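Dumping the structure here so I can ask a few things about it.
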Amino acid sequence: MGDEEKETTTDTEDEPFKPTAPEKPQATMPREKTSGFAVAALVLGITGLVAVPLIGALLALIFGLLAKGEIKRGKGAVAGSGMATAGIVMGTVGLAIPIILAAVLVPLGVGLIKPELEAAGRILDGAAAARIYYFENEDSYRGMRDTDLADINETVDFRMAPGRTANAVYIARATHRTARLYCYSSRGRRYVISARGDEWRYGSRFWSGRLRWLDDLD
């Protein structure tokens with residue numbers, strides 16, 4: 001028995017030592033971060049379409065482009081490409097809509113408003129000439145003719161009523177104390193201005209009131 005134990009012990013002692021290989025650490029993928037520029041581009045794009053046009057749309061476009069550059073430089077470590085693209089698209093649309101509307105509405109508005117402003121300006125010039133005639137004719141409009149007013153203001157096409165020529169100023173009435181002029185715009189709207197003494201009043205479908213002269217304010 002003693003010999004067997006001795007032999008077993010000897011075999012164990014003679015076995016060579018085998019070092020254990022260290023465990024290789026598992027590779028971990030870098031955690032993606034979302035681009036703050038991309039988030040801002042998305043929020044500003046929505047804001048530009050809903051609440052703050054032009055400014056919001058412009059900022060959405062700028063932040064979207066900044067986000068694209070940041071994502072490209074990150075080489076997979078920065079997320080948010082979809083939000084950046086959405087911000088760029090909404091920003092572009094938000095900028096295009098006002099430009100298109102302006103291109104359509106501005107010429108339309110000019111075509112509608114300009115003829116009315118011209119007619120209104122003509123009749124006010126006509127009233128100014130008639131007022132000068134009133135004071136030069138001893139506070140009376142009696143006998144006032146288109147030629148008399150043309151001598152006072154050559155830039156206005158004065159005529160005797162009746163008539164409907166656009167932007168011509170017609171004398172409809174001229175008595176001692178009262179006068180009445182009218183003018184048609186090129187779109188057919190009629191502007192009327194009348195006087196009782198040296199006080200003039202104007203009126204049409206969209207404008208009316210008392211005509212105030214600069215010397216009345218002295």
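Coordinate-derived values only; no laboratory data. It should be emphasised that the depicted structure is a prediction, and the values quoted were computed from it without experimental measurement. As a convention, Cβ positions derive from the backbone with ideal geometry for all residues, glycine included, and neighbour counts pool all protein chains shown.
Can you give me the distance in nm between label points at Asn167 and Leu101, each placed 7 Å from the Cα along the Cα-to-Cβ direction?
Going by the 7 Å Cα→Cβ label model, 3.2 nm.
What is the packing order of peptides 104-112, 132-140, 88-96, taking the mean over residues of other C-beta atoms within 10 Å and listing the highest first?
Top to bottom by mean Cβ count within 10 Å: 88-96, 132-140, 104-112.
Non-local amide H neighbours of Ala79 (under 5 Å, H modeled in plane, Pro and chain starts lacking H): which ones?
Lys33, Thr34, Ser35
So how much slack lies between His176 and Asn137, counting 0.36 nm per residue of separation and subtracting their Cα-Cα distance, in nm?
Additional length available on full extension: 13.1 nm.
If you don't mind, there's one more thing I want to ask. In nm, to one decimal, how far is the Arg187 label point from the Thr85 one, both placed 7 Å along Cα→Cβ?
4.6
Between Leu65 and Val110, what's the calculated FRET efficiency when r is the beta-carbon distance and R0 is 30 Å? Round to 0.05.
0.25
OK, next. Please compute the length gained on full extension between Arg196 and Val52, using 0.36 nm multiplied by the number of residues separating them and subtracting their Cα-Cα distance.
Value of the extension gain: 46.7 nm.
Measure off 7 Å from each Cα along the Cα-to-Cβ vector at Arg73 and Val93, then give the distance between these two points in nanometres to one decimal.
Result: 3.0 nm between the two label points.
Using the Cα gyration tensor of the range 42-193, with a ≥ b ≥ c the square roots of its eigenvalues, what is the shape: rounded (a/c below 1.5), prolate (a/b larger than b/c) or oblate (neither)?
prolate
Ranked from highest to lowest mean number of other Cβ atoms within 10 Å per residue, what is the order of the peptides 59-70, 76-87?
59-70, 76-87
Further question on the same structure: Ranked highest first by average number of other Cβ atoms within 10 Å, how do 188-196, 166-174, 34-42 line up?
Top of the packing list down: 34-42, 166-174, 188-196.
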